[in-house]
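Below you'll find the structure, written out as structure tokens, and then a few comments.
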Amino acid sequence: SEWARVLSRLLGGVEVAGWLHRVSATILILVFLVHLARVLHQLLIQRDTSAIWGPSSMVPQPRDVVECVGHVKWFLGLGPRPRFGRYTYWEKFDYWAVFWGMGIIGISGLMLWFPMAFARVLPGWIFNIAMLVHGEEALLAVVFIFTVHFFNTHMRPEKFPMDPVIFTGRLSEDELRDERPAEFDQLVASGTLRD
């Protein structure tokens, strides 16, 4: 397509685009491995299972189903807004979509980047599947980011045009009380946050 040729030229040509792709992939894989190491350290060294279960866990729990149903009811004007905690069901969905996607796109990408090494242990037809899976996972990620993720983080009226928490890492007390009342109540009860 002509747009792809123009974009490729703007990036410096196919070789430079490939180099940028591989550098970005390396950074993404390293960030993912650091995240995995931190989670494993929390679980295995610190013996802190709150990453697996509890109010601050990213693992889907029964309350997420209840909150999702309650949220749909609230959208339709059929019930009150759910009292969200530290992570909402859509944030957990975002997290696990990226987590699962990193495995798929990472392994298939490494297979395509280092075909000779992988060909020593894998049959040739696997590389056709890797190429298909790598491209489809990338397309799925882009579609998800520009629809679901953009809506939840940028297009909601109370956050438009962007939620500054990505840059500050902080949420005002009023926002916390309004958006995540269950977490607010938990922090007040624990004495971490005074009401």
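The values are calculated or read from the model by the stated rules, or taken from the named source; none is laboratory data. Just so we're clear, the structure is a prediction, and the values are computed from it rather than from any experiment. Cβ: placed from backbone, ideal geometry, glycine included. Neighbour counts: every protein chain shown. For accessibility, only protein heavy atoms count, side chains too; no ligands or nucleic acids. Shrake-Rupley method; radii C 1.70, N 1.55, O 1.52, S 1.80 Å.
Need the C-alpha centroid separation for segment 65-115 versus segment 151-167, integer Å.
Cα centroid of segment 65-115 versus Cα centroid of segment 151-167: 17 Å apart.
Just the number please: accessible area per residue for segment 1-42, 1.4 Å probe, all protein chains included, in Å².
Values: 3440 Å² over 42 residues.
Averaged over the residues of segment 1-42, the accessible area is 82 Å².
Send over the per residue convex hull volume for the chain, Cα only, as a whole number of Å³.
Numbers: hull volume 38.1 nm³, N = 195.
In the chain, the Cα hull volume divided by residue count equals 195 Å³.
With all protein chains present and a 1.4 Å probe, how do 183, 173 order by accessible area, largest first?
From most exposed to least exposed: 173, 183.
Computing the accessible area with a 1.4 Å probe over protein heavy atoms, can you report the carbon and sulfur percentage for the chain?
In the chain, the share of accessible area belonging to carbon and sulfur is 71 percent.
Arrange the residues 92, 73 by how much accessible surface each exposes, largest first, with a 1.4 angstrom probe.
73, 92
If I stretch the segment between residue 78 and residue 3 completely, what's the gain in nm (0.36 nm per residue apart, minus their alpha carbon distance), one decimal?
22.4 nm
Taking the Cβ of residue 101 as the centre, find all other residues whose Cβ is under 14 Å away and add up their charges (Lys, Arg: +1; Asp, Glu: -1).
On the way: positive: none; negative: 94, 136, 137.
Its environment carries a net charge of -3.
Calculate one ³J(HN,Hα) per residue across segment 122-134 by plugging θ = phi - 60° into the Karplus curve 6.51 cos²θ - 1.76 cosθ + 1.60, and present them in order as whole Hz with x for glycine and proline.
Going residue by residue, I get 10, x, x, 5, 4, 5, 5, 5, 4, 5, 5, 5, 4 Hz, with x marking Gly and Pro.
Assuming 0.36 nm per residue, please report the length gained on full extension of the stretch residue 29 to residue 143 beyond their Cα-Cα distance.
Length difference between fully extended and current span is 39.0 nm.
Students sometimes get this wrong: rank 145, 45, 27 by accessible area, probe 1.4 Å, all chains present, largest first.
45, 27, 145
Just going by the charge dipole of the chain, with Lys and Arg at +1 and Asp and Glu at -1 on Cβ, which of 116, 52, 167 is farthest out on the positive end?
The Cα lying farthest towards the positive end belongs to 116.
How much area per residue is accessible in segment 45-177 when the probe is 1.4 Å and only protein heavy atoms are counted (Å²)?
Accessible area per residue, segment 45-177: 69 Å².
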